[in-house]
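Participant: I have a structure here, written as structure tokens, and I will follow up with some questions on it.
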Amino acid sequence: MGTLLKCYKPLFSIRFSSFPNSLRSVQLRTHSFSNPKRRNPIRRCFSSLSPSSQPLINGTTLDKMDGNRQPGSPSSELWLHNTMSKKKELFRPKVEGKVGMYVCGVTAYDLSHIGHARVYVTFDVLYRYLKHLGYEVCYVRNFTDVDDKIIARAKELAEDPISLSRRYCDEFIQDMVHLQCLPPSVEPRVSDHMPHIIDMIKQIVDNGYAYRVEGDVFFSVVNFPEYGQLSGRKLEDNRAGERVAVDSRKRNPADFALWKASFMRINSAKEGEPFWESPWGPGRPGWHIECSAMSAAYLGYSFDIHGGGMDLVFPHHENEIAQSCAACKQSNVSYWIHNGFVTVDSEKMSKSLGNFFTIREVMDLYHPLALRLFLMGTHYRSPINYSDVLLESASERIFYIYQTLHDCENVLSQHDKGLQESIPPETLHVINKFHNDFSTSMSDDLHTPVVLAALSDPLKTINDLLHTRKGKKQAMRIESVAALEKIIRNVLSVLGLMPTSYSEALQQLREMALKRAKLTEDKILQKIEERSEARKNKDYEKSDAIRKDLAVVGIALMDSPDGTSWRPAIPLPLQEQQVAAT
């Protein structure tokens, strides 16, 4: 295959993906602890060329409302905040119509928490929006399956480290499926890319940026004057022990490991540690080098977007820049994008602090799309404070959205023929305003909270048309409902908030509300019957007490001419807490 790592050129030809539903991928994985000559196969992604279909509004697709464009041609400008420049910049890809994006993945030694969920929902939204604008995107998200934390956890469980990490990689993929994060174009794993990592380290050593000490290889930060350009930290500010391992053998305390020897001085293997042969002896890579090697392998040294959580700015991404530039002077990433933390009591959520909630724990009580909505309800660069009241609010909101669209679906199923192609000016105004709010906000550094707020007007208009006396009398009422439902559905698809079925999602939301309330539906129906009987007997005090008791646990009763029904709601104490906080 020749030299593995070259400037400007990816190792392998990766097709860019335009259509999320047509992505097809295959993976062939092998693992060897000690055979460096075994070149593991690379996962490639394949996209069908079938055109995507989008709903029509007055005979025009949502995309065409931005102007006529061809596939691969962006429909509008996009501004993104670049951590490197500390400001918003107009997005301009290196190759017209195509985007290469690398996002640092999880270290797979445990179930992922909602801080991880925020990272990958953020970049899923960016991935989806780039596709919506017409770009072909190659999205690479890695798995770290060789790491000190994995080895330590494997020792605790008496399990093979690679086997343990593979299991948690699979668990992570399931979490992402539930959160409706599209699969990346490629999901490389460290254990499959050892030859590429070793070759990059050799290049860094040959270029004079690294040194060997007793089988370990360290990067010399003093030899890279630009070190600190991303984080803004000066070299003298970096103290050993602050996310940089203390090691007296280093020339500078800030130097970091590219390769870690897996054999002790007495030539016995460190128990339970996986290792690979290398020019420096058996060992395994340091944390930072893996992403430099894998991003270069799939996207080349020069690509568009590199992302991750804000905690990766230093040292991980700072070290990546140093390594990549040391291996290839022309290495360049155009946009460094980082999302804010999820906090608990204003402290960053993390496994090391022990203040985390796993995605599984949250999804046990809340619908995955309620969690996704919660994460998107704050701008991606701002911190989110985890709280029950915000999750309850997201759950209530998404129930309202799906209930409104479910009502649309029921009405439209009865009028699937004979609809006119035009809609009233008032409806067109609501649609145009919503579309403009969506395009303007998303193109302004992915301002999802504004888009979610903008949903209110079209949803209210639909409910007026469906349920109020005045709305039911409006001309072309069904045409208006159809047009409004289509644009909402289209926007929800771009945001990754479209369920497979409205009715199924509503039922799941009800079941989870019952679980949080520690009630069964039969018990609620019994309470509704008791309340109806009390109202017949004009015992309004008992009637009000039943309503309030249910409201306290998050069950709202709704009276109508057809009877009383129930829906999930924010529990009354949390509502009162919300009011007190404002």
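The values are calculated or read from the model by the stated rules, or taken from the named source; none is laboratory data. Every value quoted in this text rests on a predicted model; they were computed, and no experiment measured them. Cβ atoms come from the backbone with ideal geometry, glycine included; neighbour counts cover every protein chain shown. In case anyone asks, the SASA skips ligands and DNA or RNA and just uses the protein heavy atoms, side chains included. Shrake-Rupley method; radii C 1.70, N 1.55, O 1.52, S 1.80 Å.
Participant: Can you give the accessible area of GLU320 in Å² (nearest 10), computed on protein heavy atoms with a 1.4 Å probe?
Facilitator: Probe radius 1.4 Å; accessible area of GLU320 about 0 Å².
Participant: Using a 1.4 angstrom probe on the protein heavy atoms only, line up ASP559, ASP192, ASP549 by accessible area, largest first. Show your work: numbers first, answer last.
Facilitator: On the way: ASP559 70, ASP192 5, ASP549 100 Å².
Per-residue accessible area, sorted high to low, gives ASP549, ASP559, ASP192.
Participant: Positive end of the charge dipole of segment 361-427 (Lys, Arg +1 and Asp, Glu -1 on Cβ, about the Cα centre): tell me which of LEU390, MET376, LEU419 has its Cα farthest that way.
Facilitator: MET376
Participant: Would you mind getting the accessible area per residue of segment 390-504, heavy atoms of the protein chains only, 1.4 Å probe, in Å²? Intermediate values should be presented prior to the final figure.
Facilitator: Values: 5110 Å² over 115 residues.
That works out to 44 Å² per residue.
Participant: Find how many whole Å separate the alpha carbon centroid of segment 468-505 from the alpha carbon centroid of segment 545-565.
Facilitator: Rounded to whole Å, the Cα centres lie 26 Å apart.
Participant: Sticking with this structure for a sec: Go through HIS116, HIS367 and list them by solvent-accessible area, largest first, probe radius 1.4 Å. Don't jump to the answer; show the numbers that get you there.
Facilitator: Numbers: HIS116 45, HIS367 15 Å².
Result, largest first: HIS116, HIS367.
Participant: Using the 2.2 N^0.38 Å rule of thumb for compact globular proteins, work out how segment 390-504 stacks up: its C-alpha Rg over that value, please. Walk me through the numbers on the way to the answer.
Facilitator: On the way: Rg = 14.2 Å, N = 115, 2.2 N^0.38 = 13.4 Å.
The value comes to 1.06.
Participant: Once amide H atoms are built 1.01 Å from N in the peptide plane, which residues 5 or more positions from VAL99, or in another chain, come under 5 Å H to H?
Facilitator: Distant-sequence amide H within range of VAL99: GLU136, VAL137, CYS138.
Participant: Around TYR540, under 14 Å between beta carbons, what's the net of Lys plus Arg minus Asp minus Glu among the other residues?
Facilitator: Working: positive: ARG531, ARG535, LYS536, LYS538, LYS542, ARG547, LYS548; negative: GLU530, GLU533, ASP539, GLU541, ASP544, ASP559.
So the surrounding residues net to +1.
Participant: Given a cut-off of under 8 Å on Cα pairs at least six residues apart, what relative contact order in percent is computed for segment 518-581? Don't jump to the answer; show the numbers that get you there.
Facilitator: On the way: 50 pairs, mean separation 13.1, N = 64.
Reported relative contact order: 20 percent.
Participant: For segment 375-441, give the magnitude of the charge dipole about the Cα centre (Cβ charges: +1 Lys/Arg, -1 Asp/Glu; no others), in debye to the nearest 20. Walk me through the numbers before you get to the answer.
Facilitator: Numbers: 4 positive and 9 negative charges, 53 e Å.
Dipole of segment 375-441, to the nearest 20 debye: 260 debye.
Participant: Same structure, new question: Taking all pairs of different Cα atoms in segment 455-582, averaging 1/r and flipping that mean, what Kirkwood radius in angstroms comes out? Intermediate results must be reported in sequence, preceding the final value.
Facilitator: Numbers: mean 1/r = 0.0578 Å⁻¹.
One decimal place: 17.3 Å for the Kirkwood radius.
Participant: If you find the alpha carbon centre of segment 319-355 and of segment 164-188, how far apart are they in angstrom?
Facilitator: Rounded to whole Å, the Cα centres lie 20 Å apart.
Participant: Count the net charge of all other residues whose Cβ sits under 13 Å from the Cβ of LEU465, scoring Lys and Arg as +1 and Asp and Glu as -1.
Facilitator: Details: positive: LYS460, ARG469, LYS470, LYS472, LYS473, ARG477; negative: ASP407, GLU426, ASP457, ASP464, GLU479, GLU485.
Counting the neighbours of LEU465, the net charge comes to 0.
Participant: Check MET84: other-chain or 5+ apart residues with amide H under 5 Å from its amide H, H built from backbone geometry?
Facilitator: TRP336
Participant: So what are segment 249-402's ellipsoid semi-axes, whole angstrom, largest first, if each one is the square root of 5 times an eigenvalue of the alpha-carbon gyration tensor? Before the final figure, lay out each step's value.
Facilitator: Details: eigenvalues 297, 91, 42 Å².
The answer is 39, 21, 15 Å, longest axis first.
Participant: Mind pulling the per residue volume of the convex hull built on the Cα atoms of segment 511-550? Å³ is fine.
Facilitator: Details: hull volume 1.9 nm³, N = 40.
Each residue corresponds to 48 Å³ of Cα convex hull volume.
Participant: At a probe size of 1.4 Å, how large is the accessible area of LYS538, to the nearest 10 Å²?
Facilitator: Approximately 150 Å² for this residue.
Participant: What number in nm² do you get for segment 518-581 if you take the convex hull of its Cα atoms and divide its surface by four?
Facilitator: Numbers: hull surface 19.1 nm².
Averaged projected area of segment 518-581's Cα convex hull equals 4.8 nm².
Participant: Of LYS486/LYS548; LYS86/LYS131; LYS460/LYS542; LYS260/LYS348, which pairs sit farther than 31 Å apart, going by alpha carbon to alpha carbon? Write out the running numbers ahead of the final one.
Facilitator: Details: LYS486/LYS548 37 Å; LYS86/LYS131 25 Å; LYS460/LYS542 33 Å; LYS260/LYS348 29 Å.
Exceeds cut-off: LYS486/LYS548; LYS460/LYS542.
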